[in-house]
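J.: Please find one structure pasted underneath; my questions will follow.
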Amino acid sequence: MAHANAAAQAASSSKTGRNLPAAIVVGLALLAAVLAGLFVWPLGFVLVGTAAGVLGVWEVFRALQTRRTNIPIVPVLVGAVAIPISAFFGGQEAQLFVLIAAAAAVLLWQSLERAEGAVTNVVGGVFVLLWIPFLVGFAVLPLHDTGLPAPPLGLWPGLTVPRSVLQLVVTLLLVVANDTFGYIVGASLGKHPMAPKISPKKSWEGFAGSVAGAVVIGVLGTVFLLGRPWWVGVILAVAMVGAATSGDLAESMVKRELGIKDMSSILPGHGGMMDRLDSLLFGVPVAYILFSLLPSA
């Protein structure tokens with residue numbers, strides 16, 4: 001009986017050691033919550049994104065403690081809440097202002113604490129602010145850049161989703177496509193590691209799968225959701241795969257330096273919140289910039 005249970009558990013686990021059914025269920029639930037916020041209740045999306053950023057900050061804080069780096073967690077957590085919300089209500093200027101204020105608060109807070117490790121703690125705290133809440137803010141900015149007099153606290157006026165929000169939807173779908181197709185192709189065909197010293201299981205075959213899948217999603221999304229030329233979708237897809245892969249490798253580098261496999265185990269089949277945010281954090285700012293540069297029609 002024990003052997004049968006072990007076999008069943010092994011069958012439900014992926015080649016990379018993940019519980020695949022749990023990963024699929026959790027991933028779909030997260031995607032549904034995010035899309036529901038974008039299409040129905042914009043402030044709900046902001047709250048979900050802010051909560052994810054706060055969890056990510058807490059995970060990195062706990063991970064850094066394993067190497068005796070104690071960042072000033074109170075001002076960093078306050079910044080993790082304030083930066084995305086300021087981006088929603090005030091746009092880019094407010095987002096940058098709150099980032100600077102939070103960084104100054106980190107320095108002030110540490111100056112009131114013990115002097116031992118002060119420089120490392122301050123640098124670590126500012127790094128976490130830049131890595132997580134500041135980049136999460138770029139996922140919120142499209143909800144501010146809608147052309148409406150003020151970001152709505154309730155439903156979208158007239159239940160019409162603004163164009164900038166549809167651009168964010170395409171961005172998120174591209175991140176999902178990058179992760180999904182890269183995982184499927186990499187797990188089945190991956191033989192040549194991209195960065196064996198940082199992430200041995202990430203392969204060039206998986207990267208090619210990410211590009212192919214993202215191009216399909218990018219072309220469909222830009223043509224049918226945004227009404228833009230198909231080649232815009234190709235550019236977005238390639239750029240997003242590059243950015244998302246860089247974000248994934250960056251988090252893998254941090255985890256390897258800290259000697260941990262996952263940031264936490266809060267999400268069954270996925271690991272920690274940062275293990276889901278890593279691709280998104282690098283991808284969203286790239287998409288935000290590209291959408292402002294590429295032709296609108």
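The values are calculated or read from the model by the stated rules, or taken from the named source; none is laboratory data. Treat the numbers as computed from the prediction; the structure is a model and nothing was measured. Virtual Cβ from ideal backbone geometry, glycine too; neighbours counted across all protein chains shown. These area figures cover heavy atoms from the full protein model, side chains too; ligands, DNA and RNA do not enter into them. Shrake-Rupley method; radii C 1.70, N 1.55, O 1.52, S 1.80 Å.
J.: With all protein chains present, calculate the accessible area of THR180 using a 1.4 Å probe and round the result to the nearest 10 Å².
T.: Number for this one is 60 Å².
J.: Considering the options SER265, LEU293, GLY137, tell which one lies farthest towards the positive end of the dipole of the chain, charges being +1 on Lys and Arg and -1 on Asp and Glu at the Cβ, about the Cα centre.
T.: My answer, from the dipole projection, is SER265.
J.: Once neighbouring chains are kept in place and the probe is 1.4 Å, which whole percent of the accessible area of the chain is contributed by carbon and sulfur?
T.: The value for the chain is 72 percent carbon and sulfur by accessible area.
J.: Something else about it: Which value, in debye to the nearest 20, gives the size of the charge dipole of segment 161-296 about its Cα centre, when Lys and Arg are +1 and Asp and Glu are -1 at the Cβ? Write out the running numbers ahead of the final one.
T.: Working: 10 positive and 8 negative charges, 24 e Å.
Computed about the Cα centre, the dipole is about 120 debye.
J.: Might you tell me the accessible area per residue for the chain, computed with a 1.4 Å probe and given in Å²?
T.: Numbers: 14270 Å² over 297 residues.
Here the per-residue accessible area is 48 Å².
J.: Something else: Compare the Cα positions of HIS192, PRO157, VAL232 along the charge dipole of the chain (+1 at Cβ of Lys, Arg; -1 at Cβ of Asp, Glu; about the Cα centre) and return the one farthest towards the positive end.
T.: Looking along the dipole axis, the top candidate is HIS192.
J.: Could you go through segment 83-88 in sequence order and give the Karplus-derived ³J(HN,Hα) for each residue, using 6.51 cos²θ - 1.76 cosθ + 1.60 with θ = phi - 60°, rounded to whole Hz, and x for Gly and Pro?
T.: 5, x, 5, 5, 5, 5
J.: Now for a separate question. Can you give me the solvent accessible area of ARG256 with a 1.4 Å probe, rounded to the nearest 10 Å²?
T.: Solvent-accessible area, nearest 10 Å²: 130 Å².
J.: Using only the heavy atoms of the protein chains and a 1.4 Å probe, how would ARG62, ARG276 rank by accessible area, largest first?
T.: Accessible-area ranking of ARG62, ARG276, largest first: ARG62, ARG276.
J.: Using a cut-off of under 12 Å, list every residue of segment 173-194 whose amide N is near the label point 7 Å from the Cα of TRP230 along the Cα-to-beta-carbon line.
T.: none
J.: Let me ask another. Going toward the positive end of the dipole of segment 34-149, with +1 on Lys and Arg Cβ and -1 on Asp and Glu Cβ, which of ILE73, ALA105, VAL46 do you reach last?
T.: Value computed over the given set: ILE73.
J.: Cut-off 10 angstrom, C-alpha nodes, Gaussian network model of the chain. Which of PRO200, PRO285, PRO133 fluctuates the most?
T.: Result: PRO200 has the largest fluctuation of those listed.
J.: Please get the size of the charge dipole for the chain, origin at its Cα centre, with Cβ charges of +1 on Lys and Arg and -1 on Asp and Glu, quoted in debye to the nearest 20. Show your work: numbers first, answer last.
T.: Working: 16 positive and 13 negative charges, 120 e Å.
Roughly 580 debye for the chain.
J.: Now a separate question. Ignoring ligands and nucleic acids, what accessible area does VAL54 show with a 1.4 Å probe (Å², nearest 10)?
T.: About 40 Å², rounded to the nearest 10.
J.: Between the DSSP loop rule and a limit of at most 13 other Cβ atoms within 10 Å, which chymotrypsin sites (Phe, Trp or Tyr not before Pro) in segment 147-225 are left? Don't jump to the answer; show the numbers that get you there.
T.: Working: sites: PHE181, TYR183, TRP204, PHE207, PHE224; in loops: none.
When the chymotrypsin sites (Phe, Trp or Tyr not before Pro) of segment 147-225 are filtered for loop state and at most 13 Cβ neighbours within 10 Å, nothing remains.
J.: Between PHE89 and ALA104, with labels modelled 7 Å along Cα→Cβ, what's the label distance in nm to one decimal, could you check?
T.: Modelled inter-label distance: 1.9 nm.
J.: Within segment 171-249, report the trypsin sites (Lys or Arg not before Pro) that DSSP leaves as loop and that have at most 12 other Cβ atoms within 10 Å. Don't skip to the end; give the middle numbers.
T.: Values: sites: LYS191, LYS197, LYS201, LYS202; in loops: LYS191, LYS197.
Those that pass, being in a loop and sparsely packed, are LYS191, LYS197.
J.: Tell me what the chain gives for mean residue ellipticity at 222 nm when only DSSP H runs of n ≥ 4 count, each as -39,500 (n - 2.57), the sum divided by the residue total, rounded to 500 deg cm²/dmol.
T.: -25000 deg cm²/dmol
J.: On to the next question. Please find the FRET efficiency linking ALA150 to GLU257, where r is the Cβ-Cβ separation and R0 is fixed at 35 Å, and quote it to the nearest 0.05.
T.: Numbers: r = 43 Å, r/R0 = 1.24.
Result of the calculation: an efficiency of 0.20.
J.: Taking square-rooted eigenvalues a ≥ b ≥ c of the alpha carbon gyration tensor, is the chain rounded, prolate or oblate, where a/c under 1.5 means rounded and, failing that, a/b exceeding b/c means prolate?
T.: Note, shape of the chain comes out oblate.
J.: I would also like to ask the following. I need the fraction of alpha carbon pairs in segment 34-149 separated by more than 26 Å, rounded to a whole percent.
T.: On the way: 1497 of 6670 pairs.
Summing the P(r) of segment 34-149 above 26 Å gives 22 percent of all pairs.
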